[in-house]
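Down below is the structure, laid out as structure tokens.
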Amino acid sequence: MTGEAPEVVGPTRIVLGDANVLYSRVLRDYLVYAADEGAISIRWSRAILIEVVKHLQVNNSTFDDKRAELLIRLLNDAYPEAEVEPTAQARRKVKGLVMPDDDDRHVLVAAVAARGHPVHRQRQGLLTRGDGVGGDRAAQAPDQMIDGVRVA
């Protein structure tokens, strides 16, 4: 030992992966790796997974219903605690918020229900600090979230 102080690692961050992150195999693998290493606790909703496979089917002719069901089953089997059920309370908290894209409201509801941090790709404005939906959570791009994680 060199007398260096041990690295202090904070509590595991709950991260809600948005469809545009889980869609990309590379980004999905980064989140899964971070979850496997204990750096994050990954979450998603059924609506997010359905959005993922819907876009995969549109953009990949070989990604049929069987593969879509398989991807959802494998993700949920590997991370049984990951799928969150949006609650009525979470819906009430975000009901009056103005959002850049109201189609993403379900992501915010899931993040509030999961008590997590939404992670998205190339988009801004899902959550901002002090938005009144559960503390100082802020939407982050995957590289920002990974940059902020330290594993001992």
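The values are calculated or read from the model by the stated rules, or taken from the named source; none is laboratory data. Quick caveat: nothing in here was measured; it's all calculated off a predicted structure. With ideal geometry, Cβ positions are generated from the backbone for all residues, glycine too; neighbour counts draw on all protein chains shown.
From the list Arg123, Arg129, which one is at pLDDT below 85, closer than 23 Å to Tyr33 by Cα and part of a loop (DSSP other than H, G, I, E, B)? Break it down into steps so the answer makes sense when it comes.
Details: Arg129 fails: closer than 23 Å to Tyr33 by Cα.
Answer to the check: Arg123.
Output yes when any residue across segment 86-96 is more than 18 Å from Val26 (Cα to Cα), among the polar types (S, T, N, Q) and not in a loop (DSSP other than H, G, I, E, B), and no when none is.
Yes, some residue in segment 86-96 is more than 18 Å from Val26 (Cα to Cα), among the polar types (S, T, N, Q) and not in a loop (DSSP other than H, G, I, E, B).
Out of the residues in segment 71-101 that are free of Cβ contacts under 8 Å to residues at least 40 places away in the same chain and basic (Lys, Arg), state the one that is nearest to Gly17 (Cα to Cα).
Across segment 71-101, the extreme among qualifying residues is Arg73.
Determine, yes or no, whether Ala110 is touching a Ser or Thr at 6+ places or on another chain (Cβ under 6 Å) and part of a helix (DSSP H, G or I).
Yes; evaluated as a whole, the condition is true for this residue.
When you scan segment 18-54, how many residues do you find that are over 12 Å from the mean Cα position of the chain (by Cα), among the hydroxyl-bearing types (Ser, Thr, Tyr) and part of a helix (DSSP H, G or I)?
The total comes to 1.
Looking at (1) more than 13 Å from Ala47 (Cα to Cα); (2) modelled with pLDDT of 85 or more; (3) β-branched (Val, Ile, Thr), which is the one condition that is false for Val107?
Every condition holds for Val107 apart from (1).
Which numbered condition in (1) at pLDDT 90 or above; (2) assigned to a strand (DSSP E or B) is the only one that Pro118 fails?
(1)
I need the full set of residues from segment 49-70 which are without any contact (Cβ under 8 Å) to a residue 24 or more places away in the chain and either buried (at least 17 other Cβ atoms within 10 Å of the Cβ) or of a type in the set (Phe, Trp, Tyr) (or both), in order please.
The initial filter retains those residues of segment 49-70 that are without any contact (Cβ under 8 Å) to a residue 24 or more places away in the chain, namely 50, 53-54, 57-70.
Once the filter is applied, which keeps residues that are without any contact (Cβ under 8 Å) to a residue 24 or more places away in the chain and either buried (at least 17 other Cβ atoms within 10 Å of the Cβ) or of a type in the set (Phe, Trp, Tyr) (or both), segment 49-70 yields Val53, Phe63, Ala68.
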